[in-house]
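Inspection log for the structure reproduced underneath, given as structure tokens.
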Amino acid sequence: MPNDRGPRWAKPVLLAAAVYNLAFGAAAMLAPMAWFELAGLRPPDLPALWQCIGMIVGVYGVGYAIAAFAALRHWPIVLVGLLGKVLGPIGFVDAAVRGELPWRCGWLIVTNDLIWWLPFALLLRAAWHHHRR
């Protein structure tokens, strides 16, 4: 691992996460009702809240793009991202158990969160080893 770039796979993974988050964020901001229509859900009374979530997701994308070029130096960005990607599914399961969201909406958790757990955790492990030296 030269300097603080991290493993070779880190840059393409973080760039993929950046592109995904920026695209998801832009879609949520520009077409806030689209996801609800696709999921067969009643549209929210306040679409601005979904747009705000889209803005937050997009900001994560900017962070991942920055981290892609020095992943071991910018490990806190990856840590914050992983925390969100763990807490999001916990919140979804809680809402689904209480009947506030239908279980069929869980497919969004797969692409937004679950697929990133392993690479983000491995990157944090690499950063931990790097900074211990």
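The values are calculated or read from the model by the stated rules, or taken from the named source; none is laboratory data. From a predicted model like this one, the values you see are computed outputs, not experimental measurements. So basically every Cβ, Gly included, is an ideal-geometry build from the backbone, and we count neighbours across all protein chains shown.
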Next on the checklist: Cβ contacts < 7 Å: first residue modelled with pLDDT of 90 or more, restricted to the range 36-50; second residue assigned to a helix (DSSP H, G or I), any location; separation 6+ or different chain. Result?
Outcome noted: TRP50/ALA28
Checklist entry - Only one of LEU101, LEU108, LEU123 is more than 26 Å from PHE36 (Cβ to Cβ) and either in contact (Cβ under 8 Å) with a residue 12 or more places away in the chain or over 14 Å from the mean Cα position of the chain (by Cα) (or both); which? => result LEU123
Checklist entry - Between a first residue in the range 64-89 that is under 21 Å from ILE53 (Cβ atoms) and a second residue that is crowded, with 17+ Cβ neighbours inside 10 Å and among the charged types (D, E, K, R), which pairs have beta carbons less than 7 Å apart while being 6 or more apart in sequence or on different chains? => result LYS85/ASP113; GLY88/ASP113; PRO89/ASP113
